[in-house]
Structures are given as structure tokens and as C-alpha cells.
Amino acid sequence: YFLSRNISRNEIFGVEITLRNTTVILRGFVDTGNNLTEALTGRMVFVAQLNSVASLFTCEECTFLKRAELSAVPESLGTVIRYIPCKTVGENALLPAFTPKRVIVKWNGKETEMNNVCIAVTDKALSQGEYEILLNKNILG
């Protein structure tokens, strides 16, 4: 797990991600260690579990995202995928990432549409089921 500690309900954000014409709703947690940005655009990066966003992609695309090879990008993802360098405890990685059509973050009775977000994916579990996406610390302002 990326993080392991007890999470209270008021630390969990609702996150709606839309790509193409499909939307997924996830539980998110602000990771104060996540200040990842997409190098070309400066967009904040959220990190999602692949299984939680899999319905946004075809089977072929999911297989590619799981392997995250730098070559052999499916044609359907050719201009959508970017790679985000990421350093976690004891590991350096390149995470495949996409720019969604729309992201809405819900917390404390408020909804915010975010147009400056990239979603990186990992096939590793991020928690023990409390959340499926790590939010960038800069979301807090």
C-alpha cells in the first residue's frame, strides 16, 4: 500500500472522472507527499488504482496500462497517454497518465470542477479499501 494509517470519513473526497462518455466515481484522499505535475502542461497529477478506472478503457487499453511499456501504445491511446516520473519509497517509476474530459471533486458539501488535472494509474493498491485515488496536495490551495 502506498499509505497505511487510519483515515477518517471527513478526509475522504468524492472524485468523478469522465473520459470519452464514461464517468467513474471514486473515493479520494489528499496525499501531502504528492506534488506531482505533468511536465509539459504543469497540470496537477492524481494517482488512481487501475482497477478503479478500468471502465474508462477498452480491455486492450487496460492491458497496456497495467504493463505501462513505453512502446506499443494502442492507437486509441496514442495522443492521450503521457508518462509521469514518480518516486515512491524505495522505487522510481514512470506512471502512464491521461487527461480526462472532466474531473469533479466533492468535499464538505462543495463541488469543484477541475480542468488542470492529469490522472496517473498504477496497478498497486493505494489503501486497504478506504480510497482509490490519491489527490495532489495542491488541491487544498
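All of the numbers you see were taken from the coordinates with simple rules; none came from a lab. Just so we're clear, the structure is a prediction, and the values are computed from it rather than from any experiment. FYI the Cβ positions are ideal-geometry reconstructions off the backbone, even for glycines, and counts take in every protein chain you see.
For the chain, the share of DSSP beta bridges that are antiparallel, to the nearest 5, is 75%.
Think of the range 6-55 as having a plus end and a minus end, set by charges on the Cβ of Lys, Arg, Asp and Glu; of VAL53, THR22, THR37, THR22 sits farthest toward the positive end of this dipole.
When the Cα positions of SER76, GLN128, ASN115 are compared along the charge dipole of the range 60-141, ASN115 comes out farthest toward the positive end, with charges on each C-beta of Lys, Arg, Asp and Glu. Among the GluC sites (Glu not before Pro) within the range 61-131, those in coil by DSSP and having at most 13 neighbouring Cβ atoms inside 10 Å are GLU69.
Expressed as a whole percent, the proportion of Cα-Cα pairs in the chain lying more than 17 Å apart is 57%.
A simple charge model with +1 on the Cβ of Lys and Arg, -1 on the Cβ of Asp and Glu and nothing else charged puts the dipole of the chain at about 280 debye relative to its Cα centre. Lysine pair count for the chain (Cα-Cα distance under 17 Å; residues 8 or more apart in sequence or on different chains): 4.
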